[in-house]
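Have a look at the structure below before the remarks.
Quick note: the coordinates plus some simple rules give every number you see, no bench work behind them. These figures come from a predicted structure and were not determined experimentally. Cβ placement follows ideal geometry from the backbone for every residue including glycine, while neighbour counts extend to all protein chains displayed.
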Amino acid sequence: MQLDDYQITVICSLTAKALLLLNARQVTNEKAKSSLFFWAIEDITERRIIERRLQTLSDGFEVKVKERTSALEQSNNELEISVSELYQANTQLQQFAYIASTTFRSRCAKS
């Protein structure tokens, strides 16, 4: 016989419960024709409380990561648009400077 990780809830009072984990093994001695049972009971109440807290924190972090990722993606898109607009403005400025320079040189050459 074998029993693995059997959970038992023990009600200690109206407001308190304990969660126990039970493991058991039957060991048989064929020569002596006898059996022994080994039982192990572990109080896992605190572990379960901590696991629930960790899960809650993990879920909260996941939400924050998604929100921040979304905000960063939006900022990145806005920056890409700004870079594109600045590139276009710079190109127009270079064209204007070229025309102004050419016009100025030709007027200077006529004088």
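For the reader, a short list of remarks on this structure follows.
- Segment Phe38-Ser70, extension gain: residue separation times 0.36 nm, minus the distance between their alpha carbons: 6.1 nm
- Shape metrics for the range 1-67, restricted to C-alpha atoms - Rg then Dmax, Å: 19.4, 67
- Label-to-label distance, nm, for residues given as Gln2 and Arg53 (7 Å Cα→Cβ offset): 3.5
- Taking other C-beta atoms within 10 Å as the exposure proxy, Thr69, Thr45 rank Thr69, Thr45 from fewest upward.
- Between helix 45-110 and the chain there is an angle of about 10 degrees, using the helix long axis and the longest principal axis of the Cα atoms.
- Rounded to the nearest 20, the Cβ-based charge dipole of the chain about its Cα centre (Lys and Arg +1, Asp and Glu -1) stands at 400 debye.
- Potential lengthening between Ala100 and Phe61 on full extension [0.36 nm per residue; Cα-Cα distance subtracted]: 8.4 nm
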